[in-house]
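Below: one structure, written as structure tokens.
The values are calculated or read from the model by the stated rules, or taken from the named source; none is laboratory data. Predicted model only: the values in this text are computed from it and were never measured. With ideal geometry, Cβ positions are generated from the backbone for all residues, glycine too; neighbour counts draw on all protein chains shown. The accessibility values were calculated without ligands, DNA or RNA, using every heavy atom of the protein model including side chains. Shrake-Rupley method; radii C 1.70, N 1.55, O 1.52, S 1.80 Å.
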Amino acid sequence: MQTKSFPNLNPIRRIYIDPAVEHMPQTLEILQNFDDVPQKVCPTDQVFEIINQSSDPIQTGKEVLLLTANKGRFIRGCPGTRHYECCRYVILHVGTYCPMDCAYCILQTFFHPPVLQYFVNHEDMLAELDHFLETTSQRRIGTGEYTDSLIWSHWTTLVANLVQRFGRQSQVALELKTKTNLVKNLENLAHNRKTILAWSLNTESVIRENEVGTASLKERLDAALSCQQWGYPLAFHFDPIIIADGIEDEYLAVIRELFDRIDPDNIVWISLGSLRCMPPLKAIIHRRFPQSRIMYGEFISGLDNKLRYFKPLRINIYRQIISGIRKMAPQVPLYFCMESGDVWEQTMGFRPDAKGGLANLLDGSAIKQCNLNSS
Ligand code: SF4
């Protein structure tokens, strides 16, 4: 187990323990990392009230860790949207929120209140997962939609256990998405190439201004290289792409750095997505991240009511990034997260429907790279 200190992360200042999980093994495991942090046994609804009444719930929720049970389903479909091409991702819901602090993070407004929660009822989770793996026709699942996948590998054996569980089957690939470099505990696991390690990538200037407490670009690529050397398949997400004067060259530099280190043949997919957010997030970004310039662009309201860059601007930057990637990795599978068929057509030259749909394209790549059963 790594030590609990991770430079730059918001420090955990208080731990709340739901009385129902006080004596569970996973509670005791994670608490070993925090014996110098004040702890209180407290019902979940009271914790939510404490956070809601604090002067800055978004910040407070990052400094508090709530250990509780997931009383709903652990496995659920990604919310997606019917207005844009959706990849039909499946989420393994292991916890919520994040001690890192990205200006554009939708989790700031997604949960009420936003609070760092770790679900400790792993027996329930593993039973649901076993059933899913035996019965599903899905090929992709991930833990990184409502939290960062690897922060939990820093404090618990959850991630190592999941990697090994997926390594014992050949139906579904597990994707772990992160902005950390917390990969040390992934070495020497029997992953059997069924776990994809995925990093969000951005330019150094976007990371510096907007991704507080995350690993630098170099640290992320170093971690990816280690995982490649340990035999894991990799993925990368250019998301959110920011549009600003001269930033195209910065993205091309990131692409060069990526392929200087990483073998394109070991990449399962690269996604692209430009900045988009629900309107209330704009005021939060201005208040919490005064140094950030990401909301100064030219935005319109999309079909899903999210603010997005004006379509011709999106198409322009996508074309440049796609061309940069294609020069270095002509075969690597590329896709858009939440874009229209029209944008696909004008940048990639086809609509996903023409190739059986986006989910089908990604499934095919997971089957190939992760050696999944083909039927
Ligand atoms: S790393 Fe991801 S989950 Fe964490 S604050 Fe940033 S965007 Fe949100």
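Among the helices (runs of 4 or more DSSP H) lying completely within the range 122-181, list those that include at least 3 residues that are more than 20 Å from Leu65 (Cβ to Cβ). Steps first, answer last, please.
Numbers: elements: 122-135, 151-155, 158-167.
Answer list for the range 122-181: 122-135, 158-167.
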Inset, instruction - Within the range 153-181, track down each residue that is within 12 Å of the ligand (Cβ to nearest atom) and open to solvent by less than 40 Å² (accessible area, probe 1.4 Å). - result: Thr178, Lys179, Thr180
Inset, instruction - Exactly one condition in (1) touching a Ser or Thr at 6+ places or on another chain (Cβ under 6 Å); (2) at pLDDT below 95 is not met by Arg319; state its number. - result: (2)
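Count, please, the residues in the range 273-304 that happen to be outside any helix (DSSP H, G or I) and either open to solvent by less than 40 Å² (accessible area, probe 1.4 Å) or under 17 Å from Leu107 (Cα atoms) (or both). Give the derivation first.
Within the range 273-304, the subset outside any helix (DSSP H, G or I) is 273-279, 289-293, 297-304.
If we keep only those that are either open to solvent by less than 40 Å² (accessible area, probe 1.4 Å) or under 17 Å from Leu107 (Cα atoms) (or both) as well, we get 273-279, 289, 292, 297, 302, 304.
Looking only at that region, the number is 12.
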Inset, instruction - Just one of (1) crowded, with 23+ Cβ neighbours inside 10 Å; (2) touching a residue at least 60 places away in the same chain (Cβ under 8 Å); (3) outside any loop (DSSP other than H, G, I, E, B) trips up Trp199, so point out which. - result: (2)
Legend entry - Contacts under 9 angstrom Cβ, first residue in the range 203-232 being of a type outside the set (Ser, Thr, Tyr) and open to solvent by 20 Å² or more (accessible area, probe 1.4 Å), partner assigned to a helix (DSSP H, G or I) and modelled with pLDDT under 95, 6 or more apart: Glu209/Ile294
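Does Ile141 satisfy being touching a strand residue (DSSP E or B) at 6+ places or on another chain (Cβ under 7 Å) and farther than 21 Å from Val115 by Cα? Don't jump to the end; show me each part of the working.
On the way: touching a strand residue (DSSP E or B) at 6+ places or on another chain (Cβ under 7 Å): yes; farther than 21 Å from Val115 by Cα: yes.
Criteria met by Ile141.
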Inset, instruction - Would you please name the residue that is nearest to Ala215 (Cα to Cα), looking only at residues in the range 135-152 that are within 16 Å of the ligand (Cβ to nearest atom) and charged (D, E, K, R)? - result: Asp148
Inset, instruction - Enumerate the pairs (first residue in the range 252-267 and under 10 Å from Gly324 (Cα atoms); second residue anywhere and part of a helix (DSSP H, G or I)) with beta-carbon separation below 6 Å, excluding pairs fewer than 6 apart on the same chain, so at least 6 apart or on different chains. - result: Leu252/Gly324; Ile255/Gly324; Ile255/Ile325
Legend entry - Hits in the range 100-134 - residues which are near the ligand (Cβ under 10 Å from one of its atoms) and of a type in the set (Gly, Ala, Ser): Ala103
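Scan Ala244, Ala223 and give me the residue that is over 15 Å from the mean Cα position of the chain (by Cα), among the small types (Gly, Ala, Ser) and farther than 30 Å from Phe119 by Cα. Walk me through it before giving the result.
Working: Ala223 fails: farther than 30 Å from Phe119 by Cα.
Answer to the selection: Ala244.
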Inset, instruction - Could you grab me the full set of residues in the range 234-249 that are out of contact with any Ser or Thr (no Cβ under 8 Å at 6 or more places or on another chain) and either closer than 24 Å to Leu362 by Cα or surrounded by 20 or more Cβ atoms within 10 Å (Cβ to Cβ) (or both)? - result: Leu234
Legend entry - Close pairs (6 angstrom Cβ cut-off, 6 or more residues apart or separate chains): closer than 15 Å to Arg288 by Cβ in the range 91-111, more than 10 Å from the ligand (Cβ to nearest atom) and part of a helix (DSSP H, G or I) anywhere: Tyr97/Gly61; Ala103/Ile285; Gln108/Ile58; Gln108/Ile284; Thr109/Pro280; Thr109/Leu281
Legend entry - Residues satisfying the stated conditions in the range 73-92, i.e. part of a loop (DSSP other than H, G, I, E, B), at pLDDT 95 or above and surrounded by fewer than 18 Cβ atoms within 10 Å (Cβ to Cβ): Arg73
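So which residues in the range 308-322 are open to solvent by 30 Å² or more (accessible area, probe 1.4 Å) and within 17 Å of Asp239 (Cα to Cα), if there are any at all? Spell out the reasoning first.
The first filter runs over the range 308-322 and keeps only residues open to solvent by 30 Å² or more (accessible area, probe 1.4 Å), leaving 310-313, 316, 319-320.
Listed by number, the residues that qualify are Phe310, Lys311, Leu313, Asn316, Arg319, Gln320.
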